[in-house]
Each structure stands twice: as structure tokens, then as C-alpha cells.
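Below: the structure, in C-alpha cells.
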Amino acid sequence: MSELHKPARQSARTDYKYFLENNPDNTFELQLLHAFVIGYAKDDIRTTILLYFKAFVPTADRVVTDSLCQNFKIARKDPQKGMDFLYSKAYKLNASTRQKTFQKNTGIFPRI
């Protein structure tokens, strides 16, 4: 798995949109690579990255989505937008409970 990080970073730096739109993601390895590219991509979180995230998650298996969340680097720069998006899709709890539970269980977002 760690050998997929290098090509994912390279794709994320060059033309991640082209890769994400043309990657067949029909094998576990390609799904994982797809997840890593989304995780490493640097762009506007709300208008671009979350669209790819939202389109990809229903097609990926659980291990792949776990890897995607662990490598979702851009969410650390804008934790509120990332958290709002993730919880709007996953849970219907009040905002403070969502934040505390998600941070405790995953450590993805810094404390706000």
C-alpha cells in the first residue's frame, strides 16, 4: 500500500482531475490509488475536492474509504467545511457531538 503513495502524490500535483476522471478504479489497487489522489489533491475543498470525494465513496469498499479519510489532507486546512460535509452524509447528530466523536475516533481534524 505504501508504494501507491508516491504515484498518488505525483498525480495530485500534476493533473489530478484528469486522473480522477479517467481512472477505471475497477481493482482494489486502482481504487486505493484513486482514494490517495483525492486525499492529496490541493484545490478548493467545497467546489472541487468534495465533488470527487462524494462521487467516489459509494463505489469504493470500506478499506479504501478508510484510507481516503486518513489521507484527506485538505480537510485539515479547512476542518469546518470538511466536517460539515462528512457529517451531513454520515450522521444526524448535533454539531458539538459530531465534532467531539469524530475527532476522538479518527484524529483527522484538529480541535477547533
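List pairs: first residue in segment 6-34 and under 21 Å from ASP44 (Cβ atoms), second residue among the aromatic types (Phe, Trp, Tyr) and part of a helix (DSSP H, G or I) anywhere in the structure, Cβ distance under 7 angstrom, at least six positions apart or on different chains.
ALA8/PHE36; ALA8/TYR40; ARG9/TYR40; SER11/PHE19; ALA12/TYR40; LEU20/TYR52; HIS34/PHE56
Confirm whether GLN10 is modelled with pLDDT of 90 or more and surrounded by fewer than 20 Cβ atoms within 10 Å (Cβ to Cβ). Spell out the reasoning first.
Details: modelled with pLDDT of 90 or more: yes; surrounded by fewer than 20 Cβ atoms within 10 Å (Cβ to Cβ): yes.
Answer is yes for this residue.
Looking only at segment 42-49, decide whether some residue is within 20 Å of PRO7 (Cβ to Cβ), surrounded by fewer than 18 Cβ atoms within 10 Å (Cβ to Cβ) and not hydrophobic (A, V, I, L, M, F, W, C). Show your work before the answer.
Filtering segment 42-49 for residues within 20 Å of PRO7 (Cβ to Cβ) gives 42-43, 49.
Pick out the ones that are also surrounded by fewer than 18 Cβ atoms within 10 Å (Cβ to Cβ) and you get 42-43.
Narrowing the set further to residues that are not hydrophobic (A, V, I, L, M, F, W, C) leaves 42-43.
Yes: segment 42-49 contains one or more residues that are within 20 Å of PRO7 (Cβ to Cβ), surrounded by fewer than 18 Cβ atoms within 10 Å (Cβ to Cβ) and not hydrophobic (A, V, I, L, M, F, W, C).
With respect to LYS100, is the statement that it is exposed (fewer than 15 other Cβ atoms within 10 Å of the Cβ), of a type outside the set (A, V, I, L, M) and modelled with pLDDT of 75 or more true? Walk me through it before giving the result.
On the way: exposed (fewer than 15 other Cβ atoms within 10 Å of the Cβ): yes; of a type outside the set (A, V, I, L, M): yes; modelled with pLDDT of 75 or more: no.
When the stated conditions are applied, LYS100 does not pass them.
Would you mention how many residues in segment 39-50 are modelled with pLDDT of 85 or more and assigned to a helix (DSSP H, G or I)?
Total satisfying the criteria: 2.
Does segment 61-74 contain at least one residue that is in contact with a His (Cβ under 7 Å, 6 or more places away or on another chain), assigned to a helix (DSSP H, G or I) and either closer than 24 Å to LYS6 by Cβ or of a type outside the set (Val, Ile, Thr) (or both)? Before you say what the answer is, go through the steps one by one.
Taking segment 61-74 and keeping what is in contact with a His (Cβ under 7 Å, 6 or more places away or on another chain), we get none.
No.
The values are calculated or read from the model by the stated rules, or taken from the named source; none is laboratory data. As the structure is a computational prediction, the values presented were derived from the model and not from experiment. We place every Cβ from the backbone using ideal geometry, glycine too, and count neighbours over all the protein chains shown.
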